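Below: the structure, in structure tokens.
The values are calculated or read from the model by the stated rules, or taken from the named source; none is laboratory data. The model shown is predicted, which means the values in this text are computed figures rather than measured ones. Neighbour counts are summed over all protein chains in view; Cβ atoms, including those assigned to glycine, are modelled from backbone coordinates with ideal geometry.
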């Protein structure tokens with residue numbers, strides 16, 4: 001409630017008071033009381049001043065006691081009311097909201113189109129981000145380390161182009177130290193710790209700049225599925241996903257990358273020393289060439305010379321993937337089949353032609369030391385040693401993966417045939 005009192009005193013002295021009531025959250029919106037008091041005698045003037053003061057207090061109390069109401073509906077057509085600009089309409093009028101229509105630039109024909117500013121829907125955005133303006137969407141991430149201070153644009157002094165991961169236990173630290181030193185500053189180093197020991201690795205200077213992920217008793221394919229999403233490792237041209245028991249005396253990572261590029265390999269591995277830890281002929285190192293892409297196996301093992309294990313095949317101990325190949329392989333990895341057995345036979349599904357784009361680099365070779373460290377992370381059941389339970393799980397996963405892939409392909413082709421029929 002607003003109370004206006006205008007009291008005129010001789011010689012034409014005027015006082016103007018305004019009282020607004022906001023008591024108890026109530027506001028007598030638009031209620032204005034205007035008193036005009038004209039006095040020619042001092043005694044009358046004094047009485048009127050006292051009376052006016054009492055009226056002010058009384059009006060203030062009324063404003064507290066009554067709910068919000070307005071006198072704007074009444075026709076107060078006086079010259080004084082019209083002279084005072086309350087801007088009431090401007091106060092109560094709803095201004096443009098965030099959802100107001102925003103005019104687009106006028107076209108050649110003089111017309112314009114309106115769009116609703118909060119009705120963004122961009123189907124080409126990544127799933128779940130359709131409501132965002134494309135300019136703010138960052139669909140990919142990276143593993144580059146950032147500072148907690150300074151200008152973000154000045155954080156990175158270098159941007160590694162390749163990623164190498166090792167799944168490790170602390171007992172293999174010396175072997176990993178030797179392996180990491182074979183990778184230049186062009187590589188981001190990522191260690192997956194299956195034994196929960198991470199801080200001890202700071203005895204190596206390179207470890208202080210590496211990325212450490214620690215989850216007990218998991219395999220590298222479990223880690224890869226959860227921490228190497230294609231949109232996270234997208235900045236890297238090649239991704240190495242290696243075991244911890246590899247001898248690297250005859251290996252140089254930069255030279256390896258050069259050969260992979262030269263021979264157009266999307267999925268590859270270094271050749272294996274033939275005298276130790278060898279399972280397949282395809283991955284056996286050849287001493288007379290840089291790269292090979294096919295081999296001869298035991299009679300009956302290959303129904304076609306262009307399919308595994310005679311071609312389009314590398315083992316899962318030390319694979320190297322191009323960015324595009326990894327995007328496909330990541331989607332093929334099953335959440336519950338953590339050992340990856342059988343995966344090497346299916347890698348060919350991710351590149352075409354597989355027998356040309358999958359191969360073994362012979363001139364940069366490694367030794368598989370066959371340390372059963374992960375097998376010892378299992379638990380003994382029915383009197384069996386831990387490693388036996390792990391090995392049985394591996395074989396079971398191989399059968400499950402083959403069955404799932406076969407069923408998925410069959411379902412796909414059936415759906416295609418039913419649609420075309």
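Here is how the numbers come out for the structure above:
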read-out: Residue list for the range 172-194, restricted to those being touching a helix residue (DSSP H, G or I) at 6+ places or on another chain (Cβ under 8 Å) and assigned to a loop (DSSP other than H, G, I, E, B); value: 181, 182, 183, 184, 186, 194
read-out: Condition broken by residue 254, with the remaining ones in (1) touching a residue at least 60 places away in the same chain (Cβ under 8 Å); (2) buried (at least 21 other Cβ atoms within 10 Å of the Cβ); (3) outside any loop (DSSP other than H, G, I, E, B) satisfied; value: (2)
read-out: Condition broken by residue 334, with the remaining ones in (1) touching a residue at least 60 places away in the same chain (Cβ under 8 Å); (2) in contact with a helix residue (DSSP H, G or I) (Cβ under 6 Å, 6 or more places away or on another chain); (3) surrounded by fewer than 21 Cβ atoms within 10 Å (Cβ to Cβ) satisfied; value: (2)
read-out: Inter-residue pairs, beta-carbon under 8 Å, first outside the structural domain of residue 322 (by TED's automatic domain parsing) and in the range 352-363, second part of a helix (DSSP H, G or I), 6+ apart; value: none
read-out: Matching helices (runs of 4 or more DSSP H) fully within the range 297-377 where at least 3 residues are under 27 Å from residue 183 (Cα atoms) and over 32 Å from the mean Cα position of the chain (by Cα); value: none
read-out: Index of the failed condition, residue 314 passing every other in (1) buried (at least 21 other Cβ atoms within 10 Å of the Cβ); (2) out of contact with any strand residue (DSSP E or B) (no Cβ under 9 Å at 6 or more places or on another chain); value: (2)
read-out: Residue under evaluation residue 240, criteria (1) within 26 Å of residue 261 (Cβ to Cβ); (2) in contact with a strand residue (DSSP E or B) (Cβ under 6 Å, 6 or more places away or on another chain); (3) assigned to a loop (DSSP other than H, G, I, E, B), criterion not met; value: (3)
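So that you can scan it fast, the table gives a plain yes or no per residue for (1) touching a helix residue (DSSP H, G or I) at 6+ places or on another chain (Cβ under 9 Å); (2) assigned by TED's automatic domain parsing to the domain that holds residue 287; (3) at pLDDT below 95:
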residue: 345; (1), (2), (3): yes, yes, no
residue: 371; (1), (2), (3): yes, yes, yes
residue: 376; (1), (2), (3): yes, yes, yes
residue: 380; (1), (2), (3): yes, yes, yes
residue: 383; (1), (2), (3): no, yes, yes
residue: 390; (1), (2), (3): yes, yes, yes
residue: 401; (1), (2), (3): yes, yes, no
residue: 414; (1), (2), (3): no, no, yes
residue: 418; (1), (2), (3): no, no, yes
